[in-house]
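Novice: I'd like to ask some things about the structure below.
None of the figures in this text is laboratory data; all of them are computed from the coordinates on show. Source: prediction; values computed, not measured. When we count neighbours, we look across all protein chains shown, and the Cβ atoms used for this are built from the backbone with ideal geometry, even at glycine.
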Amino acid sequence: MVKEFNLYPSNGALISPALSMEMQFTFHNYRFDFVLNSKYIVEIDGATYHSSPEQVERDRIRDEFSVAHGYSVLRIPASIVFNNPAEAIRRVKDFALNPTRSATEPEPEPVAKNSIIRKPVSNYIGDFTKGVSSFTKIVIDASLKQATISDFKKAIDSEQIFLNAMVRKVETEIRLMNLSPGERKIHDEMYARITQGHIKKPITEIFCWTPIILPEPIDNEVVQRQISMECAYHLENRRKYFEDLRKRSANDYMFAVLFHKYMEESGFPDMDLIKSGAHVPTSRE
């Protein structure tokens, strides 16, 4: 793709005069492989994962949601991308640069002019009603999912922000400890002037932790599967982050001491997660 379209990086995307390409593009609760020209979604489907009945249904819901929000969707099997990249590029060109029809619809067979049978108006009304009903269901399901998972996601996101801030706080503290006496004196004098008249907040008011609690299950089976998948994704990222913190603590004594000290003082509710050998719960627990 880069060679074919002469793409070059710009503001986190790849662009050329004819095409822009964003990778791992996030929209609402979905993340797409590629978005071309801010309108055309391209998904690469692995044969094993995307052939299961559950994933086919999830992909269908995902595509309907995307189309309902103004996107067009093209799915390309991974086998074509790896074994015949020229064909994959051809499909992308036809899809994004010559969008004459929906990429999710099969090529229609030619029909003789005299053989065309027009449907009664009542059939068109029925098709329209079905389309409205399907769109309404997508919106309702998306709203239900968002309402159910909202508190969980807010807690996950705020925890990540506070953890990153805590790591930076510890790193800054270590840098200050390694300054020479003269450098430390200059720093302290500048800091005193900058913060003059400011009241230092206690650490518990700066870091406001929210317990990570999985949302209660709902009766809608399809939406519940989506919720479970998204929760599992966030919890796996959380597990990896804490694992990295524990590894860093095991290899950096001063970081471990200060990080544990400040986390405890801040009132972090899951102190066991930052201890060596700790186990981070998953969505199945």
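Novice: Kindly state, as a whole number, the per residue volume in cubic angstrom of the convex hull around the alpha carbon atoms of region 2-96. All intermediate terms of the calculation are to be shown ahead of the outcome.
Specialist: Numbers: hull volume 9.6 nm³, N = 95.
Hull volume normalised by residue count: 101 Å³.
Novice: What do you get for Rg/Rh of region 141-285 when both radii come from the Cα atoms and Rh is the Kirkwood radius? Intermediate values should be presented prior to the final figure.
Specialist: Values: Rg = 19.4 Å, Rh = 17.7 Å.
Ratio of gyration radius to Kirkwood radius for region 141-285: 1.09.
Novice: Another question about this same structure. Under the rule of at least 5 residues apart or a separate chain, name every residue whose amide H is placed under 5 Å from the amide H of Asp33.
Specialist: For Asp33, whose amide H was placed from the backbone, the distant partners under 5 Å are Ile44.
Novice: Next question. Output wanted: per-residue J couplings in Hz (rounded whole) for region 153-165, from phi through Karplus 6.51 cos²θ - 1.76 cosθ + 1.60, θ = phi - 60°, x for Gly and Pro.
Specialist: Working through the residues one at a time gives 5, 4, 5, 4, 5, 5, 4, 4, 4, 5, 5, 4, 5 Hz.
Novice: Please rank Lys200, Lys93, fewest neighbouring Cβ atoms within 10 Å first, as an exposure proxy. Write down the numbers at each step before the final one.
Specialist: Details: Lys200 7, Lys93 14.
In increasing order of surrounding Cβ atoms, one gets Lys200, Lys93.
Novice: Let me ask something additional. Taking every pair of Cα atoms in region 184-267, average 1/r, invert it to obtain the Kirkwood radius, and report Rg/Rh to two decimals.
Specialist: Numbers: Rg = 20.2 Å, Rh = 17.0 Å.
With Rh from the inverse mean 1/r over Cα pairs, Rg/Rh is 1.18.
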